[in-house]
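Each remark here refers to the structure printed beneath this line.
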Amino acid sequence: MKIGTIKETRPGERRVALTPSVVRDLTGKGFQVLVESGAGLDAHFQDDEYREAGASVTSKKEVFEQADVIVKINPPSDEDLPLFRKGQIFVGLLFPYNNPELTKTLAEKGVTAFAMELIPRISRAQNMDVLSSQSNLAGYKAVIIGADALEKIFPLMMTAAGTIRPARVLIYGVGVAGLQAIATAKRLGAIVEATDIRPETKEEAESLGAKFIQVEDADLKDVSEGGYAKEASEEFLRKQKEAVDKSLFQADLVITTALVMGRKAPRLITEEQIKQMKHGAVIVDMAVEQGGNVELSRPDEIVTKHGVTIIGKTNLPSLLAVNASELYAKNMYNFLTFLMPEGEPKIDLDDEIIDGTLTVYQGQVRKS
């Protein structure tokens, strides 16, 4: 089987789906690998490194013509779609619930497509979980961006001129990104608080040194599914707002990470709340690409209003392209060798991982 990857064309994207080290692992398993020339340059991987690892470095057209499996990070672009051929396999992020026309086109072309963001949160799929590997890096970067924008330091500092109090950081959402944000903010010396609709995250947050803000007297049943938060009721969100407001109004830096699989991100911070925050406070909205957790956030813009700076940065992992590419590529290696244990695709619809990610198969869209 021939596995091919191409240069990502999404604006601002610096990652690459396969790195030279993973190419070496794949060729060691007997796969042939084709890489579009320049695919890894933005992540500082040179064409010669791919050649030394055993890949054929060629044009995008030839990758599509020769590869049995196309591996990407982002969904296929409009320029990619005409290059697919019947029987080819696509593996990458696909977001079928948001891209029905894309999945329909792939089905019409006879492509088999796996959406890596739909990897189930089960123990044997952990090493394939691209959302977790990328969110981990994003949570770290969000704190660094927030710290850079904040006009004060994080740690307690005692000087001859007086004592500087530590910054207060509030984190909405204690998933992978939130946990890394907690850990990073604590390492920098901040006082950290966190909140999440899932009560089972309390212990994880506290283990990293954060104070967990619990929503009291709320119905906490069925607020998570498969490791992801589910859409909360209006009543729950109201109670969460009341519980968190005191911390929000005292916070120097707020990071929001809340996402709901297949839906628009929940609105957690309104303009009315922002008006009551400290002047000079900073908010980093990590969910801005999915509609945003913060009312005033805008994708890839910095908005300053009511004395608060609101940063809506999309694609945070791309800002750490080297590490993000390395982790994503390793996730892909684990998935590809699982999918093709004997060198050929084995599509077992009874397997939870295959069933969970298989989005387009035999001319039909399975998830939309």
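When you scan segment 277-307, how many residues do you find that are in a loop (DSSP other than H, G, I, E, B), among the hydrophobic types (A, V, I, L, M, F, W, C) and more than 15 Å from the chain's Cα centre (by Cα)?
In the first step, residues of segment 277-307 are kept if they are in a loop (DSSP other than H, G, I, E, B); the result is 277-281, 286-287, 291-293, 295-300, 306-307.
Next, only the ones that are among the hydrophobic types (A, V, I, L, M, F, W, C) stay: 277, 281, 286-287, 296.
When the remaining residues are screened for being more than 15 Å from the chain's Cα centre (by Cα), the result is 277, 281, 296.
Number of matching residues: 3.
Would you be able to tell me the number of residues in segment 26-53 that are crowded, with 20+ Cβ neighbours inside 10 Å, not β-branched (Val, Ile, Thr) and not in a loop (DSSP other than H, G, I, E, B)? Explain how you work it out, then say what you get.
Taking segment 26-53 and keeping what is crowded, with 20+ Cβ neighbours inside 10 Å, we get 26, 31, 33-36, 39-40, 43, 45, 50, 53.
With the extra rule that they be not β-branched (Val, Ile, Thr), the set shrinks to 26, 31, 34, 36, 39-40, 43, 45, 50, 53.
Now restrict to residues that are not in a loop (DSSP other than H, G, I, E, B): 26, 34, 36, 43, 50.
Residues in segment 26-53 being crowded, with 20+ Cβ neighbours inside 10 Å, not β-branched (Val, Ile, Thr) and not in a loop (DSSP other than H, G, I, E, B): 5 in total.
Among residues belonging to segment 236-271 that are more than 25 Å from the chain's Cα centre (by Cα) and acidic (Asp, Glu), point out the one that is nearest to THR314 (Cα to Cα).
Among them, the one singled out is GLU271.
Can you tell which of ILE274, ILE310 is without any contact (Cβ under 8 Å) to a residue 40 or more places away in the chain, in a helix (DSSP H, G or I) and of a type outside the set (D, E, K, R)? Steps first, please.
Working: ILE310 fails: in a helix (DSSP H, G or I).
Of ILE274, ILE310, the one residue that is without any contact (Cβ under 8 Å) to a residue 40 or more places away in the chain, in a helix (DSSP H, G or I) and of a type outside the set (D, E, K, R) is ILE274.
Determine whether segment 88-104 contains at least one residue that is within 30 Å of ALA190 (Cα to Cα), free of Cβ contacts under 8 Å to residues at least 24 places away in the same chain and not hydroxyl-bearing (Ser, Thr, Tyr).
Restricting attention to segment 88-104, the residues satisfying the condition of being within 30 Å of ALA190 (Cα to Cα) are none.
No: zero hits.
Tally time: how many residues in segment 151-186 are over 16 Å from SER207 (Cβ atoms) and either surrounded by fewer than 19 Cβ atoms within 10 Å (Cβ to Cβ) or not small (Gly, Ala, Ser) (or both)? Quick ask: steps written out before the conclusion?
We begin by selecting, within segment 151-186, every residue over 16 Å from SER207 (Cβ atoms); these are 151-170, 172-173, 177.
Now restrict to residues that are either surrounded by fewer than 19 Cβ atoms within 10 Å (Cβ to Cβ) or not small (Gly, Ala, Ser) (or both): 151-166, 168-170, 172.
Result for segment 151-186: 20.
What number of residues within segment 1-23 are buried (at least 24 other Cβ atoms within 10 Å of the Cβ), of a type outside the set (Gly, Ala, Ser) and in a strand (DSSP E or B)?
Of the residues in that region, 2 qualify.
Identify, by number, the condition in (1) surrounded by fewer than 24 Cβ atoms within 10 Å (Cβ to Cβ); (2) in contact with a strand residue (DSSP E or B) (Cβ under 7 Å, 6 or more places away or on another chain); (3) under 16 Å from THR195 (Cα atoms) that THR256 doesn't meet.
Every condition holds for THR256 apart from (1).
Only residues that are charged (D, E, K, R) and in a loop (DSSP other than H, G, I, E, B): list them for segment 190-211, please. Please lay out each step first, then the result.
Residues of segment 190-211 charged (D, E, K, R): 193, 196, 198, 200, 202-204, 206, 211.
Correct list: ASP196, ARG198.
Only the coordinates and a few stated rules stand behind these numbers; no lab work does. In this text, all values refer to a predicted model and were calculated from it rather than measured experimentally. Methodologically, a virtual Cβ is constructed for each residue, glycine included, from the backbone with ideal geometry; neighbour enumeration extends over all protein chains shown.
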